Amino acid sequence: PNISLSMLTEKLGTNRTTLSKAIRDNGIESFSTYINKLRISDFIFLVNGQKNISIKEAFFICGYRSRTTALRNFKLFTGKIPSDYFERRKEYED
């Protein structure tokens, strides 16, 4: 949950400019965009795999500490709020 560009550059032994450029060169807008896409992808996988997990708990497990931030990012990447997203998927699974 606390990962940052600075933390990653230190672990990789590089600098912010080089890492940011490598991220952009691979078609990703920014480090935070990349991390949030990973978190939302993990969230969807987790909720799909564990039907009894709460939305709040799944967001926490995936690294979000703010419900508002989690919901904003979920809607940004999926176009829906979690309840609408998973309800719609349920219709196709039945």
Calculate, for Met7 and Tyr34, the FRET efficiency according to 1/(1 + (r/R0)^6) with r their C-beta to C-beta distance and R0 22 Å; round to the nearest 0.05. 0.95
Which value, in debye to the nearest 20, gives the size of the charge dipole of the chain about its Cα centre, when Lys and Arg are +1 and Asp and Glu are -1 at the Cβ? 300 debye
Packing rank of 22-28, 43-49, 80-86, where each peptide gets the mean count of other beta carbons within 10 Å, highest leading: 43-49, 80-86, 22-28
Provide the per residue accessible area, probe 1.4 Å, for the chain, rounded to a whole number of square angstrom. 72 Å²
Estimated inter-spin distance, Thr17 and Lys51, nm [label 7 Å along Cα→Cβ]: 5.4 nm
Length-normalised contact order for the chain - Cα pairs under 8 Å, 6+ apart - percent: 20 percent
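The values are calculated or read from the model by the stated rules, or taken from the named source; none is laboratory data. This one's a predicted model, so the numbers in the text were calculated from it and none came from an experiment. Glycine also receives a Cβ, built like all others from the backbone with ideal geometry; neighbour counts cover every protein chain displayed. Ligands, DNA and RNA are excluded from the accessible area calculation, which covers all protein heavy atoms including side chains. Shrake-Rupley method; radii C 1.70, N 1.55, O 1.52, S 1.80 Å.
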